[in-house]
Amino acid sequence: MGCCGDCCTVPSKESRDPLRHDPEFSGPVRSRSCTDVVWLIAFILFLGAWGYVGYYGIKHGNVEQLLAPMDMKGRRCGLDSTLQDKKYLVFFDISECLSPTTAISGCKTPQVCVNGCPTETIVFNTGSNTAATFNNWRSKMICVDGINTATMTHDEATQYMKDTKCASYVLKSQSVLGRCFINVTEAIEKIEAFGNYTEDDIVNNLSNLLRYKQIAQDLVQSRWYMLGALVAVVVLCFLYILILRWVVTPVVWVSIVGLLALLAFSCYLCYDQYVFYRGKSAGLYTTSYSLQGFFQTMFSKHQTWLALLIILAIILIIVLLIVIFLRSRITIAIALIREGSKAVIDIKSTVFFPIFPWIIQCGVLAYFATVLVYLLSIGEPEFKVVGLNETCDCGGFYKDQDTCNPSVFLEKCKQAGTTRACEDAICHFSGLVSPHEVNYMHFVNLLGCCWVMFFISGCADMILAGAFSKWYWTFDKRNVPFWTLTAAIYRTVCFHLGTVAFGALIIAIVRVIRIMLEYIDHKLKKFDNPFTRCILCCCKCCFWCLESFLKFINKNAYIMCAVHGNNFCASARDAFSLLMRNIIRVVVLDKVTDFIFFLSKLLLSIGVGFAVYYLMEWGLVYEVTQGQRLHSNYVPAILLGVATYLISTIFFNVYAMAVDTLFLCFLEDCERNDGSSEKKYLMSKDLMRILGKKNKKD
């Protein structure tokens, strides 16, 4: 029932010896009992605790306080002492925030906190906005701190706009999490209204919005094309698996030869660049401190290209030697992949089954993110005095970096010699002070996400393993039951959820430790030194290797559990012993199949991307559908290429699980049977032919 006893025992000699023939064994055993029930109960109790953490976070959290916008000086709108009545953030030039580099470098345009988002679109420095009409739109201008719009003149306003101290235009917008985002349609209409306007800077900035609107129009206009293309991609992936059943041999060898050719060509390119930059002066180096400048500098040095050349040459030699010495093993891998294709085709429902676990995992991630945000927002806001100097007089009530109250700060601290608020010093929002128990809730939330995600994927693996093992151990494949997948689901849900929960917990703990190491590494950046970097790097590397190893053991333990119905420890022990007795086959087949699947996914995604682009370029789709041409064919092509890779990943994960299951069954078949009339091999004729084995006739 539990596995504690099995975990503590050392594998016996019999478990390390080849398996013996069992005349009653014919695939997944029917008579089985519940395994690792204790761990299933622990998992259910933990789910209850995780649910309580979510309830507590949602009840006590305040997301608005956490997500309060920040102006260009780092002050929180609606929270800091001088901004308590200004809860909204306005961008001077929103088009600068639409660059793909914004996520890395941030939005460069000035950002200020205001009382409310603009209610209309106005371009201030146009020919119609003269000194005579200045008073009509003065109050609607948005400027940085220190500029009094009530007293400034028209000439001063014009100069402020040139110096980007005041916005040259405002766009009608609405608040989204305290940020004022534009109404794109009305902004575009305003651009068209000022199409002949001579202020090039304003028109150029606003025209960037038009480009993004065109992209949005393309996506809306091509939505039905893309939906139809996604259906075609699903059919294409299924057909590819079907075709791979007969053409897997040329695909594998062409892929290997192509890889070797690509590596050789890459070595030539690196050598050519090495010779080129070795003869150039340092004048090619850039002095920019941006990310782009860093890469330009790095790849302008001949030492970089020499290092790449050496690395690629070593990889080329290693791959070439592996192909030469293990070509016979690759042939076995090809046959096994062909068997996997047969199994997938015979049990067609397995192809679409992983979609359901994937949807559930998306829901788990959404719950984790929601709970995380609410937990982060729990606590009392803490404010500190920032920028206090001789120009700000607090009468000794506050010192710099003291904890403060925004209202009290405004009352006690004034600009020296005046009754005005301090210009440089503020009572700044520094964060939230959370109760101590919230830290434990963060840990529960993180562990819950990892445990449930690995539990769902483990259930899917065991279900597929049960279906494919039934296919392998059925001597006449035509007799495979129609409800094979349903039976595998029943066995997993009724008997082995505890086993999956135990295996998932082991990997989840290691994953949590890895995340904690990343967090510690981030916190220790300010104490950075070679010793700490070395220690943390070694720890992260060790736990990454441990997690990869445990995933490998878990998958094979799930396969053995699906076949024999034993608990996790016994299944892991049997699988590990079986694999260690065939370690060469394991290494070769695992890596070769992974490489083939990766190439197949890459081939499908790139092929679909190019096909969509040239189909749109050709115009046949528009002629058939009588639709309007898109502004750019790149957007749907790229999106469909990425979607194809994701969809094909779902398909090939099933394929990979089929190969892993059949491989373990194949190893067990080789040890249990010898081809005699009493011990017939259950493997296919292709595998028997490649291995030089055959069943003796009665």
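The values are calculated or read from the model by the stated rules, or taken from the named source; none is laboratory data. In this text the structure is predicted, and so the values were computed from the model without any measurement. As a convention, Cβ positions derive from the backbone with ideal geometry for all residues, glycine included, and neighbour counts pool all protein chains shown. Quick note on the areas: whole protein, heavy atoms, side chains included, nothing else; ligands and nucleic acids left out. Shrake-Rupley method; radii C 1.70, N 1.55, O 1.52, S 1.80 Å.
With all protein chains in place and ligands, DNA and RNA left out, the 1.4 Å accessible area ranks Trp471, Trp358 as Trp358, Trp471, largest first. Among residues other than Lys165 whose Cβ falls under 11 Å from its Cβ, what is the net charge (Lys/Arg +1, Asp/Glu -1)? Counting the neighbours of Lys165, the net charge comes to -2. Solvent-accessible surface of the range 490-614, taken per residue with a 1.4 Å probe and all protein chains present: 48 Å². Amide H contacts of Ser377 (H built 1.01 Å from N, in plane; Pro and chain starts excluded): Asn62 sit under 5 Å, all sequence-distant by 5 or more or on other chains. Between the range 557-579 and the range 475-526, the alpha-carbon centres lie 14 Å apart. For the range 475-551, the carbon plus sulfur part of the accessible surface works out to 73%, probe radius 1.4 Å.
Figure note: Phe181, Phe454 ranked by solvent-accessible area, largest first, 1.4 Å probe, ligands and nucleic acids not counted: Phe181, Phe454. Cross-link pairs exceeding 22 Å in C-alpha to C-alpha distance, out of Lys591/Lys679; Lys342/Lys470; Lys555/Lys693, comprise Lys591/Lys679; Lys555/Lys693. Taking only protein heavy atoms and a 1.4 Å probe, the accessible area of the range 405-460 is 58% carbon and sulfur. These residues, Leu599, Leu664, go from largest to smallest accessible area, 1.4 Å probe, as Leu599, Leu664.
Residues whose amide H lies under 5 Å from that of Met70, counting only those 5 or more places away or on a different chain, are Cys77; hydrogens are built 1.01 Å from N in the peptide plane.
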